[in-house]
Amino acid sequence: MNTLSDMKKKPFEHMWFAWFFYLIFPIMSLISKPPALMWTGFALLAAFAAFILLGFKNEKHRWLYTVGLFPIIAFLTITCNPFLICMFFYSVPLISLLPSKQQFRGVLSGLFLSVILVICLDFKQYFDEGAWYMFPSLAIMFYIPFAMRARRKSNELKEKLILANDEIARLATIEERQRISRDLHDTLGHTLSLITLKSELAEKLMLKSPERAMQEVKDIQTTSRAALQQVRELISGMNAISLREEIAQSSAILKSAGIAFETYGQVHEFQAPPMVHNIFGMCLREAVTNVVKHSRASLCTVSLQEEPGDWTLIIADNGEPCKDATPHIPSSGRGLLGMKERLELIDGTLTFHTGRGAGTRLIIRVPRIIRHPQV
């Protein structure tokens, strides 16, 4: 079964039947000819149609079927109608689909020689019939295979690039899983084993030496706090996002969507704890996603203000204002509610401004002194 992707990559193979419609013109030219020439012409047209069909279907022998079209077209043009020289256009898509450069150049040279030969053999008739105005079209015909071939190669390269990026992402995912596995084993494995040993020792000392048992319990508490801190650091490392990196990513996304992007302030020299970088980056990512999907804006700006008491990140656009600025239903960490939940971890606040004709503006403030939750 042919997939949509295959049809996009090889449109001519799936549309070969459309070319048969234009055979009505040589058929009408043959009807008025003597019976012998008429039936000979019909037989050659049948062979012509077969070569077209086989040329689109058989890649291995495509060059052979394409070359086979040239003498048929030359015969019909010379014996029936000089205007049938336009039938050489039938060979153009087949030539553009030839797999190798050698076949492409060779068959294209054959097309050129065939056209020149037909014109030379029937030169006087072309000018007597006033068919000379077709020559510019024939000149363009030799350019079309190059354009078609370049476009097909470009699509193939894009497809290969997509596959390569998918493979890189898959390998990166596998590597990240392996890293997480190593980190969990190296950081938590030893700590949990230590907690197990100390808890067993405290159980044995509970009756014999309560003081020592109490000390072991305190050690277990200290070790468990350290394990919890290790888990937090590990999770923070998994989701670490730099605001500078996210700004570069946002610029690329907005550019691809046709939205201008401008930055103000010290966004590229921003110095803050990794957690602040991470949450600012996640909020910026969510905001830019909303701008691309919903705002219909032509400009998005990001500015960073560093004051003695806090950091302020402002994200604004000149698009349509948001209709619902205060969502009340949780959205799995997405939207404004998701931003507020992230900012609560570092005592940050989110202010949403929107107005008629004024676009949308998000103001995110985070205090420089962050209250860490108690373990």
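The values are calculated or read from the model by the stated rules, or taken from the named source; none is laboratory data. All figures in this text were calculated on a predicted structure; none of them were measured in a lab. Neighbour counts run over all protein chains shown; Cβ positions are idealised from the backbone, glycine included.
Among the residues of the range 221-239, those identified as more than 30 Å from residue 282 (Cβ to Cβ) and at pLDDT below 80 are 222, 223. Count of the range 1-43 residues, restricted to those that are modelled with pLDDT under 65, assigned to a loop (DSSP other than H, G, I, E, B) and surrounded by fewer than 11 Cβ atoms within 10 Å (Cβ to Cβ), is 3. Of the set (1) modelled with pLDDT under 75; (2) within 17 Å of residue 247 (Cα to Cα); (3) surrounded by 15 or more Cβ atoms within 10 Å (Cβ to Cβ), all apply to residue 354 but (2). Residues of the range 151-172 that are in contact with a helix residue (DSSP H, G or I) (Cβ under 9 Å, 6 or more places away or on another chain) and not charged (D, E, K, R): 155 alone. How about the range 147-174: which of its residues are of a type in the set (Lys, Arg) and under 16 Å from the mean Cα position of the chain (by Cα)? Across the range 147-174, the qualifying residues are 158, 160, 170.
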